[in-house]
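Trainee: Below are the structure tokens for one structure; questions will follow.
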Amino acid sequence: MKGYIHSLESFGAVDGPGVRYVVFFQGCPMRCTYCHNPDTWEFNSGTETDTDEIVEKFMRNRSFYTSGGVTATGGEPMAQIDFLTELFEKLTEQGIHTCLDTSGIMFNPENTEKVDRLLKSTSLVMLDIKHIDDKCHRELTGHSNKNILEFAKYIDSKNIPLWIRHVIVPGLTDTDEENRLLGEFLSEFNNIQKIEALPYHSLAKPKYENLGMDYPMKDTPDCTKEAAARAKERIENYIK
């Protein structure tokens, strides 16, 4: 089966456990104001690639990834769920650890058949929760977070290991109230292995300029590692 990918990265050190082979899927319905990959937004573009091609490229250097595996990110991988599922199934057959890095925006709790099949070959889900408050989430991404939070609960019900990613943006996601609400929500789960509070940075500005796009966060300062660490501590304290 063929699908559209943006690019492949042979050495991913922050995309799941161990050293990862990272597949960047093309296409995303979200329009996050701090997105650092706006070049992955457009659907049906990028490079048309067959799942066998990706598996073959990975297997050539499999010994290099003994502590890791393959991560699907984007863009939004679940927007091409049939292509993604076939890829993960072929990797799982070879005993490869698979990691799904997703926003969860494509999840529909009323129709889970395809998701169920995908999750059977998914070793780990990294779920990026943009904002815990629905109104703020809409302003930040253009979409509700209702189904995203339902997806988190669904992953928990399937007992699949989960990492939570949360970008700490000054003035948006660094408040005690936001951190408290997120921590209280996450306290309901049994499958969370790790929480990552990622400091917002403006390194994507040149990408926007090259694409002829206005960078919407130009007046927002970068988040320091110390501020992100404090936010993570607050979130984890509320989980406890």
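The values are calculated or read from the model by the stated rules, or taken from the named source; none is laboratory data. Since the model is a prediction, treat every value here as computed from it, not as a measurement. When we count neighbours, we look across all protein chains shown, and the Cβ atoms used for this are built from the backbone with ideal geometry, even at glycine.
Trainee: Under 7 Å between Cβ atoms, at least 6 apart or on separate chains: pull out the pairs that start in segment 17-31 with a residue that is under 15 Å from L91 (Cβ atoms) and end on any residue that is modelled with pLDDT of 95 or more and of a type in the set (D, E).
Mentor: Pairs that qualify, where the first residue is under 15 Å from L91 (Cβ atoms) and the partner is modelled with pLDDT of 95 or more and of a type in the set (D, E), are V22/E9; F25/E76.
Trainee: What are the residues in segment 97-136 that are in a helix (DSSP H, G or I) and either charged (D, E, K, R) or within 11 Å of the chain's Cα centre (by Cα) (or both), if any?
Mentor: E113, K114, D116, R117, K120, D134, K135
Trainee: Within segment 165-185, track down each residue that is crowded, with 18+ Cβ neighbours inside 10 Å, among the hydrophobic types (A, V, I, L, M, F, W, C) and under 14 Å from R234 (Cβ atoms).
Mentor: Passing the criteria: I168, L182, F185.
Trainee: When only residues in segment 21-51 that are of a type in the set (V, I, T) and assigned to a helix (DSSP H, G or I) count, which is modelled with the lowest pLDDT?
Mentor: Applying the filter and picking the extreme gives T40.
Trainee: Next up: So which residues in segment 162-183 are in contact (Cβ under 8 Å) with a residue 12 or more places away in the chain and of a type in the set (V, I, T)?
Mentor: Correct list: I164, V167, I168, V169, T173.
Trainee: Please work out which one of (1) loosely packed, with under 13 Cβ neighbours inside 10 Å; (2) modelled with pLDDT of 95 or more is the condition E188 fails and give its number.
Mentor: For E188, the exception is condition (2).
Trainee: What residue, among those in segment 128-139 that are within 16 Å of R165 (Cα to Cα) and touching a residue at least 40 places away in the same chain (Cβ under 8 Å), is surrounded by the most Cβ atoms within 10 Å (Cβ to Cβ)?
Mentor: Step by step, filter segment 128-139, then rank; the result is K130.
Every residue, every condition in (1) touching a residue at least 60 places away in the same chain (Cβ under 8 Å); (2) surrounded by fewer than 15 Cβ atoms within 10 Å (Cβ to Cβ); (3) under 21 Å from C35 (Cβ atoms), yes or no:
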{"position": "I160", "(1), (2), (3)": "no, no, no"}
{"position": "N210", "(1), (2), (3)": "no, yes, yes"}
{"position": "Y215", "(1), (2), (3)": "no, no, yes"}
{"position": "A228", "(1), (2), (3)": "yes, no, yes"}
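Trainee: Where the second residue is among the β-branched types (V, I, T) and surrounded by fewer than 20 Cβ atoms within 10 Å (Cβ to Cβ) and the first is under 29 Å from K146 (Cα atoms) and lies in segment 92-108, which pairs have Cβ atoms under 8 Å and are six or more apart or on separate chains?
Mentor: Close Cβ pairs satisfying both conditions: T98/T92; M106/I81.
Trainee: Does any residue of segment 76-93 turn out to be modelled with pLDDT of 95 or more, closer than 28 Å to K207 by Cα and not in a helix (DSSP H, G or I)?
Mentor: The answer is yes; a qualifying residue exists.
Trainee: Within segment 15-31, restricting attention to residues that are farther than 16 Å from F58 by Cβ and in contact with an Asp or Glu (Cβ under 9 Å, 6 or more places away or on another chain), which residue is surrounded by the most Cβ atoms within 10 Å (Cβ to Cβ)?
Mentor: Across segment 15-31, the extreme among qualifying residues is Q26.
Trainee: A follow-up question, please. Given (1) within 17 Å of M30 (Cβ to Cβ); (2) surrounded by fewer than 16 Cβ atoms within 10 Å (Cβ to Cβ), where does L203 come up short, assuming only one miss?
Mentor: Only one criterion in (1) within 17 Å of M30 (Cβ to Cβ); (2) surrounded by fewer than 16 Cβ atoms within 10 Å (Cβ to Cβ) is unmet by L203, namely (1).
Trainee: Could you tell me whether segment 219-237 includes any residue that is touching a helix residue (DSSP H, G or I) at 6+ places or on another chain (Cβ under 8 Å), assigned to a strand (DSSP E or B), of a type in the set (A, V, I, L, M) and within 30 Å of T112 (Cβ to Cβ)?
Mentor: no
Trainee: Please identify the pairs in which a residue from segment 70-83 that is more than 18 Å from Y21 (Cβ to Cβ) has its Cβ atom under 9 Å from the Cβ atom of a residue that is aliphatic (A, V, I, L, M) and part of a helix (DSSP H, G or I), counting only partners at least 6 apart or on another chain.
Mentor: Taking only residues 6 or more apart or on different chains, the pairs are M78/L84; M78/V115; M78/L118; I81/V115; I81/L118.
Trainee: If you don't mind, another one. Please report, ordered by residue number, the helices (runs of 4 or more DSSP H) entirely within segment 137-210 with at least 1 residues that are under 16 Å from the mean Cα position of the chain (by Cα).
Mentor: Where helices (runs of 4 or more DSSP H) fall fully within segment 137-210 and carry at least 1 residues being under 16 Å from the mean Cα position of the chain (by Cα), they are 146-157.
Trainee: Does K57 satisfy the condition of being in a helix (DSSP H, G or I), at pLDDT 95 or above and surrounded by 15 or more Cβ atoms within 10 Å (Cβ to Cβ)?
Mentor: It is false that K57 is in a helix (DSSP H, G or I), at pLDDT 95 or above and surrounded by 15 or more Cβ atoms within 10 Å (Cβ to Cβ).
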